[in-house]
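Reviewing the structure listed below.
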Amino acid sequence: MPPRMAELLLEGFGADPGYRDAMLGDLAEEFGERVDRDGLAAARRWYARETVRSVWPVVRTWIRGLGWRDARHLFGLAVSSWLLVAIPLFVVLAILQGLLALVGILMADLLPLLFLPLLAATGVAGGAVAGALHERAPLAAAALLGALFAVQQTIGVALAFGPDATWVTQLIVPPLMLACTVAGGLLRVAAVLRSRGERCVSASRAG
């Protein structure tokens with residue numbers, strides 16, 4: 001069975017159903033032939049390359065077709081998702097920083113142990129929320145939210161840690177937020193596909 005990444009990406013960027021189904025069918029057929037001929041590892045490498053090639057035209061078409069109204073709507077959804085997730089995060093971090101200060105511990109000292117996992121969970125949750133709010137292209141909404149998170153965290157780290165900020169916080173936090181938010185978007189797409197498959201199975205049994 002071929003990897004699901006192509007299906008997730010095509011669905012996540014709102015590919016036309018006809019193009020998506022035809023592309024997935026061609027990839028699956030060729031993948032099976034390459035497994036028999038070259039082995040599973042080589043077939044997976046080929047599938048990864050072809051996934052990028054098949055998804056990029058969809059992304060390019062989506063960007064070109066994005067009008068001002070659509071862009072404004074998408075940005076609004078990303079900001080809404082950011083507010084839903086970032087405000088609770090700020091509250092938790094403020095309380096945590098205050099409690100740690102009472103016992104003489106700096107937030108920077110606990111960064112690898114506590115702060116980064118909390119940010120990662122926030123990114124995944126935010127990506128899932130953004131994907132749920134923008135069903136037509138959930139992965140695009142998650143990616144935009146990830147970019148907003150990356151900018152916000154770059155500024156936030158500088159303000160929160162000041163001279164105590166290390167290269168780890170400055171270099172790791174922004175890409176971590178982007179990657180985790182996109183992962184949340186992929187989880188949302190996977191949930192939609194799974195739900196759709198279950199409905200199809202139920203409908204076929206009922207028929």
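I'd like to know if the stretch 53-65 contains one or more residues that are of a type in the set (G, A, S) and within 20 Å of the chain's Cα centre (by Cα).
There is at least one residue in the stretch 53-65 that is of a type in the set (G, A, S) and within 20 Å of the chain's Cα centre (by Cα).
Would a scan of the stretch 190-205 turn up a residue that is in a helix (DSSP H, G or I), at pLDDT 85 or above and of a type in the set (A, V, I, L, M, F, W, C)?
yes
Here is a yes/no grid of residues against (1) over 20 Å from V182 (Cβ atoms); (2) assigned to a helix (DSSP H, G or I); (3) of a type in the set (K, R); (4) without any contact (Cβ under 8 Å) to a residue 40 or more places away in the chain:
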residue: P3; (1), (2), (3), (4): no, no, no, no
residue: D26; (1), (2), (3), (4): yes, yes, no, yes
residue: W56; (1), (2), (3), (4): no, yes, no, yes
residue: I63; (1), (2), (3), (4): no, yes, no, yes
residue: R69; (1), (2), (3), (4): yes, yes, yes, yes
residue: F75; (1), (2), (3), (4): no, yes, no, no
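Do the conditions hold for G123, that is, is it in the same structural domain as P138 (by TED's automatic domain parsing), in contact with a Cys (Cβ under 8 Å, 6 or more places away or on another chain) and either surrounded by 12 or more Cβ atoms within 10 Å (Cβ to Cβ) or small (G, A, S) (or both)?
Considered against the rule, which asks whether it is in the same structural domain as P138 (by TED's automatic domain parsing), in contact with a Cys (Cβ under 8 Å, 6 or more places away or on another chain) and either surrounded by 12 or more Cβ atoms within 10 Å (Cβ to Cβ) or small (G, A, S) (or both), G123 comes out as yes.
Residues L24, L77, L102: which one is modelled with pLDDT under 80, of a type outside the set (V, I, T) and over 16 Å from A142 (Cα atoms)?
Within the list L24, L77, L102, the selection yields L102.
Looking at (1) assigned to a helix (DSSP H, G or I); (2) under 20 Å from the mean Cα position of the chain (by Cα), can you tell me which one R37 breaks?
That leaves (2) as the condition not met.
Would you mind telling me which numbered condition in (1) over 23 Å from T181 (Cα atoms); (2) modelled with pLDDT under 80 L40 fails?
The one condition L40 does not meet is (2).
The values are calculated or read from the model by the stated rules, or taken from the named source; none is laboratory data. Source: prediction; values computed, not measured. Here Cβ is always computed from backbone atoms with ideal geometry, including for glycine, and neighbour counts include all displayed protein chains.
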